[in-house]
Every structure is written in C-alpha cells, then in structure tokens.
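The values are calculated or read from the model by the stated rules, or taken from the named source; none is laboratory data. As the structure is a computational prediction, the values presented were derived from the model and not from experiment. Every residue, glycine among them, receives a Cβ derived from its backbone with ideal geometry; neighbour counts consider all protein chains shown. Calculation scope for accessible area: heavy atoms of the full protein, side chains included, ligands and nucleic acids excluded. Shrake-Rupley method; radii C 1.70, N 1.55, O 1.52, S 1.80 Å.
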Amino acid sequence: MATKYGGYMGRVCMVDLSTGKVCDYPWSDEERRLFIGGKTMAAKILGDNIAKDTKPLSEENMLVITTGPFTGTGTPSSSRFNISTLSPQTGIITSSNCGGNFGYYLKKAGFDALIIKGRAKAPLWLEIHNNSFKFHDARDLWGMNTGKVQEALDEVIKTRNGKARKNGKIVIGPAGENMVRYASIVSNERLAGRGGTGAVMGYKNLKAVTVSGNHEIQVHDRKKLDKLNKSWFKYLKSHPLTGDQLPRLGTAGLVSTMQMRGQLSTKNYNYGQYDDFEKVNGELLAEEFNIVNKGCLSCPIKCARTVEVNGKAVKGPELETLGLLGGGILNSDMYSILKWNYELDELGMDSISAASTLAYAMEANEKGLWDNGLAFGQTDEISQVFDDIAHRRGIGDELANGSKWLSEKYGGKEFAIHSKGLELAAYEPRRSVGLGLGYAVSNRGGCHLNGGYMVLLEGLSLNVDQQNPHGKPDFTVMFQDLMEAVSSCGQCLFTTYAFFPAPLISHPNSWYTKAFCKSVPYLGPVLRALNTFPQVACIHIPVLFNQSIALHHVTGMPVTFGSFFKAGKRGYTLERHINTRFGISRKDDSLPSRLTDEPQIKGDEKTKVPLEPMKSVYYAARGWTGDGIPKPKTLKKLNLDGLASYEDACKMFAEEKEGE
Ligand code: SF4
C-alpha cells in the first residue's frame, strides 16, 4: 500500500475518456494529512487542474469522486462518498455528498478516489474490478431511467461472469444525458443531487460506472476503533435527534416545526407558513405512508423513508422535497409528492432545483412575465413537466436551465430564489437570518448544509432568537468548518446533530437551555478566538464529537479537535479560493431581494435578512478581505499558499495543449 496511514487504499486513479488512458494520480501522505478526503481532497485535485477559463461542460472539467478514510471502516454513518466538479448550474465548484454503496466498493476495488476527465466519442459505461478497467458500449442503455439501468447493469455483469457480483454503481438518467443543469448522479436510491453533476457525466457520454473488488480496508487500530464505534452507535441511538426524531419522522419531521416558526417556504417564498401543512408533513408521512425505515450502510440513524408508488416500494421524500413540492407550489396532496419524488429520482434530477424552478415559473406566469401555462395549486401536469425537463421538450427545455437563467430571460430576479445560481432548500431565511447568511456565502451556492445549517439553532432544535443576527456569523464559520471536516472523512453530516448535548434538546424550557440560547448573540468573540486559532483546542471532545478520535484510530495521524477543525477550515477556504478564480467575491454572496428587502411580516422590519452587515463580520471571522477574498496570510496559515494560483493553472493547461 502506498501510504503509511490506515483507512486509505493508497491509490487514486484517473481515467481520460477522450483517449481511453488510465493512470495513477499522485497523492501523497502529506496531502492525506492536510486534505483528509471527501470534498476537501476533491477540491485540492480540482484546484490543481482547472483553469479560470475551464467550462463545466468541457473535456477539461473533471468529475472527482472521492471517499473518506472512514468509508467502509464500520464508523457510524460512514458509507458516504463525494462528487465534486465545476457546476453547469453555477459555473463554480460544486460538491455532493452521497449515500449508496459506491464509495465502499470503490475502496474494495483498491482506490480512494476516481478522477474522470475527457469525453467519450459515443455513450459508454465503465466497469472497474480491482485493477481492471473496461469500457463498454452504452448505446443500448442510453435513455434508460436510473432504476432500470442499474438493474440492467447487474444483469450484464452476471451474464459476463456467470454469477452475480456485488458492486457499487453510479448512473445518470435522461436528465443527465440531456444535460439538464440540475441533473444528478444516482447510486442505488441515493443521489449526488445538487449542482448538476449528472449533466457533467452526460456531457462526457458516460452512462454509468460500476466498481467492485476484494481489497481489505485496513485501519490503524481496529481494537480501539471498534470500542469507540460501539459506544458511538449507542450514543447516536440515545440522542433525541439522531435516535428519535430522525428515525421516527425522517427529515420530513421538520415540516411542522418550520411551520410553527414561520420558516416553511410557501408559494415561492412569498410566505413562511402553509395553511395545509398537516396534509404534507412528516407525521402524516410516518403514520400513513412509510412502510419501513431504511438507511445507508453502517448507519444507526436510518433516516430514509420507504413508501409505495404505483404498487412499488420506493424511497420517500426528504423535507426539502416535501416543503418545496407542497406549500412551495400550494399543493396539499401527499401522494403526488411521493410520486414526483420517485419520478425525479428515476429521471436523475435534483428535486430542490426542479421544484424551486417550477415555483419561479408559476409566479412569473402569474405576474404576466412568462406565459407558460403553469399555476400555483394546479398540479395535474407536473409529472409531464418533469419528464419534459429531463428530455428538454417544449417549455421543459427552458426550465432545464434553472431559475437564475429564466429570471435573466423573463425578469423577476427578485423572486428567483437562488444564490450563485443554486436554488435554496425549503427553509425560509427571513425567519432564520443566520441561515440566510449561510445560503448566501455557501461555496456551492444556495445550500443549507454548506451554509452551516444555523436553522438548527434558530428554531428546529433550539430556540435561539431567529431574527437576531449577532453572534451568527462566527457560529456559521464554526459549523461550516466542522461539517466540512466530517464530510471529508466520508461520514454523514447528520451525525453532527448529536454535537448538541441531549439535555439541551430534550429540555427546551430548562434554565440551562434558555441560558444557552440567550447567550448566542454574545458568544461571537469567544468563537472568533477559536475560529482564528483552532489549533489551541488541542483536546478531544469525547461522546459529543468523536470524529477527531475516530480519525486518529482509523488513520494513525496525530489528530486533536483543533487540528480536525483546522482541516475543515482549510477545506472550506480552499473551495472559496478556487471560486475566486471564477470571479466570485462579495457581490456574489447574495440572496434575491424578496428575502433581503421585503419583510416576511408586513411592517416588521426584523423579518428580512440583514445580509450585508452579517457578511462583513463573517469575512472578518474567516480572515478574508472585505470583498470576500481569502487574504494571503490566511492562505499561508492554512497551508494553502503553495496551491497553484489560477495563473499557474492557466499556464499548466497552455503547456499541456502545446505538448499535444
Ligand atoms: S442518517 Fe440518513 S442519510 Fe445519513 S447515513 Fe444514515 S440513513 Fe444515510
């Protein structure tokens, strides 16, 4: 193995679809230590290889598929893998953390990551088994939905080998083939949903990749890791969020709380409450539609719902889909949402962007800006509209470009609900101003998780004042960095919910919970010290935050909570540093004016997002300039000063082209 660290297979492979060449990509132990894996590793690889004029749909763009050191080691909720690329939706870096089993089997094949560049001349699929790479004609698979193509691939593999072979798959559906800007990549029933990863795969004429193998995944200290995992599973199962709320209601369980707090996007974010929310909430989903809870590999939380659509057991919707295809378009029919959710998965399309684009189109029609036949509350034709988007037929061809593109063509930028071109999830930020900041500054565009998920404190689990901006920028920085580090290990972000001690959550009216919530606006300076000097926390935080301990047991690296936190900070800053190559700065960390200029409650000026002042504090907490550019000394502190600048990257590409 080409690494001294456990948890890694020690190899990264690169496939060039234009030439059919396969080679090892150099990745050192120093890079493993600094960039861990997952999205941070992917950002480093992209940062070293893409120039400022690289287009998302081009041979030069890469799909970088990474695992983390936890993937496949038995650590809770750690079957995750990540896909990063330049997004056709936003033009900047996007990353998607996905369940399914592809990550596990990629490691079984002997690789920590797979880089795909170039473009095949005709549709193909790639079969990787241990060290063998085979390219197969995929013309007979082209056009198939994501479920059908995964079944077909299993059949082909079985026929070729005379018996079934356990494998992991990533595939695209018609939306990816037709380069819908928000097409997803699918693995089992899970999606690398956001930012149009599926369109990049479609552009490359790559219908699917299968991986399998029989390599052992070694860890540094199996005995200590098993002991830790045992108590960690137990803790997650006992926590009110990861052991009760998520298993019992899934993410859909948040609908009712959001309604109560005025955070449930309704009628394209015109309002924060939906009168019929009880017809489309998590409680109803659990009581009347959920057949059984499902989960990703090695996950004690099992947050996924299973529902019946047309007599078939399929994956149920998440909160974002339920909110945006429910109150978001004034639809109170639960079954229709289950059906559309399934159809969108089968077409290989991000339900958040699809639903939000639809809501924009309905409002544009209502306001007389675009005569498209779509209207709030009219849902009979929605299945057909989604199919038309995936196949780029009729108005579907324009809807396939997303709400930013549409608002630039038809007007209505104030109600095209996106940031940097990526549509927002179902949380209404005017009643969660910290999340409003997070949506705006998030590296991949309007993403609640990449934005730090402050709404968890602002009403979903704790009662921190939703409208008070003080303290929120520093909390946002801390949560973004910790989630970045957890994600880079290959672990699901839902495990971080257990970071909040159980009594805080289960006793909302206790003096200590109230005291904590009231103290948040004053904690900024304390967190600022930690955000500036993360390494001073040279301790572990057992039970609440086992990740840093686990990273040591898995890899053997010297790790503390502080160095773990710093690694997350490094990853987050790295993505920003790369995005500045594409012109991203303060002006792009924005929200539509509906959310920043129009109070949600008429006459109550506090119910809008005070974005600009929060951004200034946020940039200072990150060590960025007032324009949102990481300062050279910040880059140096995070060991990012040696990263190829965009000038270097441009030069590198020019030399490569000359060489050809
Ligand atoms: S919490 Fe849910 S999404 Fe995360 S690993 Fe478990 S089942 Fe998968």
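Once the 1.4 Å probe is applied to the protein heavy atoms, the chain comes out at 35 Å² accessible per residue. Heavy-atom surface analysis with a 1.4 Å probe gives the range 318-413 a carbon and sulfur content of 45 percent of its accessible area.
Only helical runs count toward this figure. For the chain, summing -39,500 (n - 2.57) over DSSP H runs of n ≥ 4 and dividing by all residues gives -11500 deg cm²/dmol at 222 nm.
For LYS315, the lysines whose Cα comes closer than 23 Å to its Cα, not counting residues fewer than 8 places off in the same chain, are LYS148, LYS166, LYS169, LYS207, LYS237, LYS279, LYS294, LYS302, LYS339. Counting only protein heavy atoms and a probe of 1.4 Å, the accessible surface of the range 459-554 is 72% carbon and sulfur. In the range 432-637, Cα pairs under 8 Å separated by at least six residues give a relative contact order of 24 percent. Mark the label point 7 Å from the Cα of GLU151 along Cα→Cβ and return the residues of the range 311-338 whose backbone N is within less than 19 Å of it. Correct set: 311-316.
If you average the alpha carbon positions of the range 56-94 and of the range 436-459, how far apart do those two centres end up, in angstrom? Centre-to-centre (Cα) distance: 19 Å.
Inverting the pair-averaged 1/r between distinct Cα atoms of the chain gives 24.6 Å as its Kirkwood hydrodynamic radius. Exceedance of the 18 Å cut-off in Cα-Cα distance is limited, within the set LYS52/LYS569; LYS117/LYS569; LYS569/LYS637, to LYS52/LYS569; LYS117/LYS569. Annotation: SER383 carries an accessible surface of approximately 30 Å², with a 1.4 Å probe and no ligand, DNA or RNA atoms counted. For the chain, complete DSSP H runs whose alpha carbons reach 30 Å or more along their own long axis and whose mean Kyte-Doolittle score is -1.0 or higher are 561-581. With every protein chain in place and a 1.4 angstrom probe, the accessible-area ranking of LEU493, LEU330, LEU424, largest first, reads LEU330, LEU493, LEU424. Excluding same-chain neighbours fewer than eight residues apart, the aspartates and glutamates reachable from LYS158 by a Cα-Cα span under 20 Å are GLU127, ASP137, ASP140. Partners of LYS587 within straight-line reach, counting aspartates and glutamates whose Cα lies under 19 Å from its Cα and excluding those fewer than 8 residues away in the same chain: GLU408, GLU414, GLU423, GLU575, ASP597, GLU612, ASP627. Taking the 1.4 Å solvent-accessible surface of the range 167-263 as the whole, the part contributed by carbon and sulfur is 49%. Near ALA425, once Lys and Arg are set to +1 and Asp and Glu to -1 for all other residues with Cβ below 13 Å from its Cβ, the sum equals -3.
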